[in-house]
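As C-alpha cells, the structure follows; a few thoughts come after it.
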C-alpha cells in the first residue's frame, strides 16, 4: 500500500520557470491538500480539495494553482517560480465527511529550491 | 484567532531520560481536534495521535503519553525512557470543526535530540 506519493523528491528551478509537483494517493480519499514547510515554521496550507472537480484556497495560495480531475491525483503548479517559493512541499489526504476530525496522511515531501 | 504554540524550539536529552514536549493552543471553537505528528530526519510526517475537544482522558501508548487539559489549553506529549530513534521534530496541530475545511494549524515544532 503506497499511501501518498509525491514526485519529484528534489527540484531546483530558476526564477520564472514553471513546474508541477505531483501528488497521488491510493487510499480512495476524497480530501487532499498541499502544505509548505519553511525553516523554523510549521506547515501552512496552500490549497485543498474536497473531491474531484472541487478546489479551494488555503492560507498561502498566491503563486500556486491546483486542479483535481481524479480522486487519486492532486497536482500543484507553480506558474512562475520565485525565490520565496523555496520550501518543502507536502501533500496530504484524508477521508471526507466531518473533515476537521479526520487524520491527514502525508507524503514524503518535495524539496524545492528556486534560484 | 486560532493558534498553536510550541515554545520549546529544541530539546536535547540523554537516552533513557523522560522528556515532555509542550503544546498550547488557542481557539474559539467548542469542537476541535488536536494532533501530534513526528518528522524524523528522513523528512516524512508521521501521525501519532488525535484527540477531540470533548475527551480529556489522557492517553498512553507504549513509551508515549499525552496530557490534554482544556483548562490550560494544553496538549502535552511525554516520552518515557527516550531512545535515539525518538530524535525528530514533533509538531502539534489544531483542526477546528468550524474552520477552513481540513486546515491543520501547526505549531512551529520542537526538535528533539536524544543522545546515546
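The values are calculated or read from the model by the stated rules, or taken from the named source; none is laboratory data. Quick caveat: nothing in here was measured; it's all calculated off a predicted structure. No Cβ is skipped: glycine too gets one built from the backbone with ideal geometry, and neighbour counts run over all protein chains shown.
Taking the stretch B:94-107 as the range and being under 11 Å from residue B:26 (Cα atoms) and more than 7 Å from chain A (Cβ to nearest Cβ) as the test, the residues that pass are B:94, B:105. Residue check, residue A:85 against (1) over 20 Å from residue B:94 (Cβ atoms); (2) surrounded by fewer than 17 Cβ atoms within 10 Å (Cβ to Cβ); (3) in contact with a strand residue (DSSP E or B) (Cβ under 8 Å, 6 or more places away or on another chain), all met but one. Which one? Unmet condition: (2).
Within the stretch A:12-21, not a single residue is surrounded by 14 or more Cβ atoms within 10 Å (Cβ to Cβ) and without any contact (Cβ under 8 Å) to a residue 12 or more places away in the chain. When restricted to residues that are within 18 Å of residue B:74 (Cα to Cα), in contact with a strand residue (DSSP E or B) (Cβ under 6 Å, 6 or more places away or on another chain) and within 14 Å of another protein chain (Cβ to nearest Cβ), the stretch B:9-25 contains 4.
More than 9 Å from chain A (Cβ to nearest Cβ), closer than 30 Å to residue A:5 by Cβ, in a strand (DSSP E or B) and in contact with a strand residue (DSSP E or B) (Cβ under 8 Å, 6 or more places away or on another chain): does that describe residue B:77? Yes: the conditions hold for residue B:77.
From the list A:64, A:35, A:48, the lone residue that is surrounded by 13 or more Cβ atoms within 10 Å (Cβ to Cβ), in contact with a strand residue (DSSP E or B) (Cβ under 6 Å, 6 or more places away or on another chain), more than 14 Å from residue A:109 (Cα to Cα) and modelled with pLDDT of 95 or more is A:64.
Determine whether residue B:102 is assigned to a loop (DSSP other than H, G, I, E, B), without any contact (Cβ under 8 Å) to a residue 40 or more places away in the chain, at positive phi and touching a helix residue (DSSP H, G or I) at 6+ places or on another chain (Cβ under 6 Å). Spelling it out, residue B:102 is indeed assigned to a loop (DSSP other than H, G, I, E, B), without any contact (Cβ under 8 Å) to a residue 40 or more places away in the chain, at positive phi and touching a helix residue (DSSP H, G or I) at 6+ places or on another chain (Cβ under 6 Å).
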